[in-house]
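Heads up: the structure comes next, in structure tokens.
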């Protein structure tokens, strides 16, 4: 076996079977597993996907939301065991791969047009 | 004639002091293995949910090509051969040496000092199963050669101003005092060949061992590029008790 094949097969063991198709501009809800005093619970985090990076096992998404008037961006490794589930709430229509321009905008200007040709499942 | 000193009944026997005995024990106990760097990736610890950066190494199987013992060679060690090649790639003396062990033509030979060679026999295969997950290993390999590198790349010097009339862009600055001593002190950091040397990274954790594919996963990075020859051995702890 070639080096690349071996590395891919090692990564394949850690890949999740079902990760929904996420596009930049979508409004999503991520369930994050959190350990709290020996107990585990799933905490939701809702926001707009402003960037996607890498592929395969290392694929990440950057999710931005405004929390108490402060912009918060979190990066999630899609295949991480800490990411319990991802639910797509709304598909967005955008013309950029990276929505970093949203960082400079507040309020109404951060709205993203909804698109209806993509299903919310998968 | 009174005996000025008495000789014990069994004759004079040299008994080494205790500290020397301990040193004897601190010698590396087990042998290592040769391997090839395949590249890096990251995997997840499913329990903790942490991403672990790992280097994928194809290690072995290595054939024992020679066993050196105290009476014949003055020290005891095991010589391993790695990476099968075509017969025409090797010269006759090497082929003859390998034929003694009944080994196929092998590219790389490497010796490992062991205190006791009785566990090993000629022609025996050494595989990755000599390591176990969680074990600490030392890995040596040739680092990436950077050729004749300047001050910034080789010694992390700060660079000079690029503009405002400055011409001291990537120059070293002062290299020392003037007429006294009238020379540059030895060891002054200067430009020169950088990289392409054997580097050892110590105490890397083995994450997993795949005996079927002869693959080791080691946490962290390792010298050299993909395809680099590596020497993997259990970590050498000074003063360790075996």
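The values are calculated or read from the model by the stated rules, or taken from the named source; none is laboratory data. None of the values given here were measured: they were computed from a predicted structure. No Cβ is skipped: glycine too gets one built from the backbone with ideal geometry, and neighbour counts run over all protein chains shown.
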Checklist entry - Here are B:218, B:201, B:207, B:238: which of them is modelled with pLDDT of 90 or more and more than 14 Å from chain A (Cβ to nearest Cβ)? => result B:201
Checklist entry - Looking at the range A:30-37, is at least one residue touching a strand residue (DSSP E or B) at 6+ places or on another chain (Cβ under 8 Å) and under 20 Å from residue A:99 (Cα atoms)? => result yes
Checklist entry - Which pairs do you get when a residue that is touching a residue at least 12 places away in the same chain (Cβ under 8 Å) and within 7 Å of another protein chain (Cβ to nearest Cβ), found in the range A:1-19, comes within reach of a residue that is in a helix (DSSP H, G or I) and exposed (fewer than 10 other Cβ atoms within 10 Å of the Cβ), reach meaning Cβ atoms under 7 angstrom, with the pair 6+ apart or on two chains? => result none
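Go through the range A:54-63 residue by residue and tally those that are touching a strand residue (DSSP E or B) at 6+ places or on another chain (Cβ under 8 Å) and loosely packed, with under 14 Cβ neighbours inside 10 Å. Please lay out each step first, then the result.
At the first step, the residues of the range A:54-63 found to be touching a strand residue (DSSP E or B) at 6+ places or on another chain (Cβ under 8 Å) are A:54, A:57-63.
The next check asks that each one be loosely packed, with under 14 Cβ neighbours inside 10 Å; those that pass are A:54.
Here the count works out to 1.
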Checklist entry - Which residues, counting only those in the range A:44-68, are within 13 Å of chain B (Cβ to nearest Cβ) and in contact (Cβ under 8 Å) with a residue 12 or more places away in the chain? => result A:56, A:57, A:58, A:59, A:60
Item to check | Options A:25, A:92; residue that is at positive phi, modelled with pLDDT of 90 or more and buried (at least 16 other Cβ atoms within 10 Å of the Cβ) | outcome: A:25
Next on the checklist: I'm checking my understanding of the structure. Among residues of the range B:34-72 that are without any contact (Cβ under 8 Å) to a residue 24 or more places away in the chain and surrounded by fewer than 15 Cβ atoms within 10 Å (Cβ to Cβ), which one is nearest to the other protein chains (Cβ to nearest Cβ)?
Outcome noted: B:46
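Suppose we filter B:176, B:224 for residues that are assigned to a loop (DSSP other than H, G, I, E, B), within 14 Å of chain A (Cβ to nearest Cβ) and either loosely packed, with under 10 Cβ neighbours inside 10 Å or at positive phi (or both); which single one remains?
Numbers: B:176 fails: within 14 Å of chain A (Cβ to nearest Cβ).
After applying the criteria, what remains is B:224.
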Checklist entry - Can you find a residue in the range B:88-106 that is in contact (Cβ under 8 Å) with a residue 40 or more places away in the chain, surrounded by fewer than 18 Cβ atoms within 10 Å (Cβ to Cβ) and under 23 Å from the mean Cα position of the chain (by Cα)? => result no
Item to check | Members of the range B:181-204 that are touching a strand residue (DSSP E or B) at 6+ places or on another chain (Cβ under 8 Å), within 22 Å of residue B:158 (Cβ to Cβ) and part of a loop (DSSP other than H, G, I, E, B) | outcome: B:191, B:194, B:195
Checklist entry - Within the range B:85-99, is there a residue that is more than 14 Å from chain A (Cβ to nearest Cβ) and either under 28 Å from residue B:235 (Cβ atoms) or part of a strand (DSSP E or B) (or both)? => result no
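Rundown of residues vs (1) under 30 Å from residue B:93 (Cβ atoms); (2) in a helix (DSSP H, G or I), yes/no style:
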| residue | (1), (2) |
| --- | --- |
| B:120 | yes, no |
| B:133 | no, no |
| B:153 | no, yes |
| B:159 | no, no |
| B:164 | no, no |
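Quick grid of which residues meet (1) modelled with pLDDT under 90; (2) buried (at least 17 other Cβ atoms within 10 Å of the Cβ):
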site	(1), (2)
A:13	yes, no
A:17	yes, no
A:32	no, yes
A:47	no, yes
A:52	no, no
A:65	no, no
A:74	no, no
A:83	no, yes
A:87	no, no
Checklist entry - Based on what the data block shows, is residue A:83 within 14 Å of chain B (Cβ to nearest Cβ) and either without any contact (Cβ under 8 Å) to a residue 12 or more places away in the chain or under 10 Å from the mean Cα position of the chain (by Cα) (or both)? => result yes
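Give the residue that is nearest to residue B:194 (Cα to Cα), with candidates limited to residues of the range B:150-171 that are under 40 Å from the mean Cα position of the chain (by Cα) and free of Cβ contacts under 8 Å to residues at least 12 places away in the same chain. Even if it seems obvious, please write down each step before you answer.
Filtering the range B:150-171 for residues under 40 Å from the mean Cα position of the chain (by Cα) gives B:150-160, B:169-171.
Now drop any that are not free of Cβ contacts under 8 Å to residues at least 12 places away in the same chain, which leaves B:156, B:158-159, B:169.
On the way: B:156: 12, B:158: 17, B:159: 18, B:169: 20 Å.
The qualifying residue nearest to residue B:194 (Cα to Cα) is B:156.
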